[in-house]
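In what follows, a structure is listed as structure tokens, so that the remarks can point back to it.
Every number in this text was worked out from the coordinates using simple rules, so none of it is lab data. Keep in mind that what you see is a predicted model, and the values were worked out from it rather than measured. Here Cβ is always computed from backbone atoms with ideal geometry, including for glycine, and neighbour counts include all displayed protein chains.
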Amino acid sequence: MNDFSGHILMSSNDIERMFSQEDSWSELPSVWEDLQEESFFKLEEVKHLLDRLPPREADFIELYFFRRLRQTSIAELFNVSQPTVCYRLQRGISRLRYLIDMPQFSTEEMETDLRSFLPDDTDVKIMLMMITTTCQSDVARDLKVTQGFVRHRFLRTLEKMERISQSDNPIAEHLEVYLKVFKLVSENLNIMKNTWRSAWNEETIHSICW
């Protein structure tokens, strides 16, 4: 392969070797076993979620699971180590699992319902931001408060929601879904940290031309 104007020129043998299916599934058994579960049974059903992942993780998952490129070949293409590829694949699968397990809900309706029993606007913002970031440090930074403050308010609101859901309050039925959402967040703290695609500063090493 010869580097030419930021591209890699590859021979047909190189391409055949890199995209060979031989051993392409066996190098990451733990991740592949995860994908055998019902929620991951059809890979095409999760493809639309790739844009919610960090760009490099999305690239690795697409190349490995959809295009069946070997881990070692991905590592060579992006100029990283094979263990790095394995780690990023595992992180990507964890993030996809979180997104797939997230119950369906309307953000607008959730915000309206939260405001009906949360008089402090900061509490509403904390709950909504924790869904998108699952990271109390990110929320604390954006709201200019401490992580302890975010954690305390998040857990306090969860307890309040649990009490209301067991009452005759008109929004109790809605809170059942929201509770599932926030409990999933609490079980996956930091799973979506640093996933904003616009913030990705890693240099693109190669592209493939033929």
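Quick look at the numbers
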quantity	calculated
For the stretch 64-72, 3J(HN,Hα) per residue [Karplus equation, 6.51 cos²θ - 1.76 cosθ + 1.60, θ = phi - 60°, Hz, x = Gly/Pro]	7, 8, 9, 9, 6, 7, 6, 4, 5
Restricting the stretch 94-162 to trypsin sites (Lys or Arg not before Pro) in coil, as DSSP defines it, with at most 16 other Cβ within 10 Å	K144
R0 of 41 Å, Cβ-Cβ distance R52-T146: FRET efficiency to nearest 0.05	0.90
Potential extension, L184-E62 segment - 0.36 nm per residue separation minus Cα distance	41.4 nm
Kirkwood-based Rg to Rh ratio, the stretch 107-187, C-alpha trace	0.95
Efficiency of FRET between M102 and T72 - r from beta-carbon atoms, R0 30 angstrom, step 0.05	0.35
Cleavage-rule hits, chymotrypsin sites (Phe, Trp or Tyr not before Pro), the stretch 77-119, DSSP coil, Cβ neighbours within 10 Å at most 16	F105
Karplus-derived 3J(HN,Hα), 6.51/-1.76/1.60, for each residue of the stretch 137-148, Hz, glycine and proline x	5, 5, 5, 4, 5, 5, 8, 6, 10, 8, 5, x
Residue exposure sequence - L179, L53, L77 - by fewest surrounding Cβ within 10 Å	L179, L77, L53
Theoretical FRET efficiency, 1/(1+(r/R0)^6), r = Cβ-Cβ of K193 and R163, R0 25 Å, to 0.05	0.25
